[in-house]
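To keep things clear, I will list the structure first and then write my remarks on it.
The values are calculated or read from the model by the stated rules, or taken from the named source; none is laboratory data. These numbers come from a predicted model, not from an experiment. Glycine also receives a Cβ, built like all others from the backbone with ideal geometry; neighbour counts cover every protein chain displayed.
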Amino acid sequence: MRFMKSIPVALLLIVGVASNAFAHYTYVIPQSFRVSAGDTVVVGFHSGDGFPESSAILKRLQDPTIHTERGKLKVDGLKEDGKRLVASVNVAASGHVIVTAVNGAAVEEMKPASFEEYLEEEGLGHIVRARAQRGESDKPGNERYTMYAKTIFLVGAPSDAYSTVVGLPLEIVPEKDPYRLQAGESLPVRVLLRGAPAANLEMKATSAGGKTQVVGKTDATGRLNVPVTPGRWRLHTIHMERGSDVDWESVWTTLTFEIS
């Protein structure tokens, strides 16, 4: 990502890292998902299997960015604070605000059994089958992974910016405003891989303090309806493909939001 200019004040970011290829999800979560124009917002990028606790400092943080209807701004002034990186910013205008960041690429090699357990755990059984077809089931798993994180929070009155595609290589985009869902409604989302519909990806959802559950797979158009209840939510999916200089290349993505 490229940036037009830097934010002059800090945005609090809590950033997480995946310490191995097993599911330490990188995700963004603000202290409050509903704020008023002029407020100082606390936002975090966490790493952890649980939600919303963070378990480690992100060592490969790249491109922390705020996206508004006025454009996008780079976040500066980060510093370590416990198991997170922190900064802060004042949000001036009403509407939906999107914050993104990248947990930069890392390469890891795992023992055959551990790698295939991880693949099954993350809904990547087709990669297990592809390894078998290639005669690689007994080979260590060599993977380069990059993690993308995104949150949407609301400043004052809602807008249509919740559905903005910010251009992450793998991105979850709501097709309804999470902050205007009616009781009992599901949240329709679409998943884009390099801007195109991402079909047959397994989606997982976690509510605050709850267990992670598989909610389904995307259809041919990259769409899926996610059942939600009031509270904070994290959605997560992974795409994996054959690599050029590594055996496998994966991109992870998360989206966090709140249902009233």
- Message: Residue pairs, Cβ under 9 Å, 6 or more apart or interchain, first in segment 198-219 and exposed (fewer than 15 other Cβ atoms within 10 Å of the Cβ), second in a loop (DSSP other than H, G, I, E, B) and among the aromatic types (Phe, Trp, Tyr). List them.
- Response: 209/51
- Out of 72, 59, 5, sole residue that is farther than 18 Å from residue 231 by Cβ and modelled with pLDDT under 85: 5
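Could you grab me the full set of residues in segment 32-86 that are of a type in the set (Asp, Glu), out of contact with any Gly (no Cβ under 6 Å at 6 or more places or on another chain) and within 18 Å of residue 150 (Cβ to Cβ)?
Of all residues in segment 32-86, those of a type in the set (Asp, Glu) come to 39, 49, 53, 63, 69, 76, 80-81.
Next, from what is left, pick out any that are out of contact with any Gly (no Cβ under 6 Å at 6 or more places or on another chain): 39, 49, 53, 63, 76, 80-81.
Of everything in segment 32-86, just one residue is of a type in the set (Asp, Glu), out of contact with any Gly (no Cβ under 6 Å at 6 or more places or on another chain) and within 18 Å of residue 150 (Cβ to Cβ), namely 63.
Does segment 161-174 hold any residues that are closer than 24 Å to residue 126 by Cα and either assigned to a strand (DSSP E or B) or of a type in the set (S, T, N, Q) (or both), and which are they? Please lay out each step first, then the result.
Looking only at segment 161-174, we keep the residues that are closer than 24 Å to residue 126 by Cα, and these are 168-172.
170, 171, 172 - these are the residues of segment 161-174 that are closer than 24 Å to residue 126 by Cα and either assigned to a strand (DSSP E or B) or of a type in the set (S, T, N, Q) (or both).
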- Query: Which numbered condition trips up residue 67, out of (1) at pLDDT 80 or above; (2) assigned to a loop (DSSP other than H, G, I, E, B)?
  - Reply: (2)
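Pick out the one residue from 154, 119, 124, 193 that is at pLDDT 95 or above and under 23 Å from residue 52 (Cα atoms). Break it down into steps so the answer makes sense when it comes.
Details: 119 fails: under 23 Å from residue 52 (Cα atoms); 124 fails: under 23 Å from residue 52 (Cα atoms); 193 fails: under 23 Å from residue 52 (Cα atoms).
Step by step, each of 154, 119, 124, 193 is checked, and only 154 is at pLDDT 95 or above and under 23 Å from residue 52 (Cα atoms).
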- Message: Please determine whether any residue of segment 140-160 is more than 28 Å from residue 38 (Cβ to Cβ), more than 22 Å from the chain's Cα centre (by Cα) and part of a strand (DSSP E or B).
- Response: yes
- Restricting attention to segment 197-209, does a residue exist that is at pLDDT 95 or above, closer than 22 Å to residue 65 by Cα and either among the aromatic types (Phe, Trp, Tyr) or out of contact with any helix residue (DSSP H, G or I) (no Cβ under 7 Å at 6 or more places or on another chain) (or both)? no
- Check off (1) surrounded by fewer than 22 Cβ atoms within 10 Å (Cβ to Cβ); (2) under 30 Å from residue 114 (Cβ atoms) for residue 172 and give me the number that stays unchecked. (1)
- Restricting to segment 8-56, what's the tally of residues that are modelled with pLDDT of 85 or more, assigned to a loop (DSSP other than H, G, I, E, B) and more than 18 Å from residue 84 (Cβ to Cβ)? 4
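Considering segment 229-240 alone, what residues qualify as being more than 21 Å from residue 165 (Cβ to Cβ) and either surrounded by 14 or more Cβ atoms within 10 Å (Cβ to Cβ) or not small (Gly, Ala, Ser) (or both)?
229, 230, 232, 240
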- Quick check, is residue 84 of a type in the set (Lys, Arg), buried (at least 19 other Cβ atoms within 10 Å of the Cβ) and farther than 30 Å from residue 245 by Cβ? yes
- Task: Considering only residues that are within 17 Å of the chain's Cα centre (by Cα) and not hydrophobic (A, V, I, L, M, F, W, C), look in segment 198-210 and name the one that is nearest to residue 260 (Cα to Cα).
- Result: 207
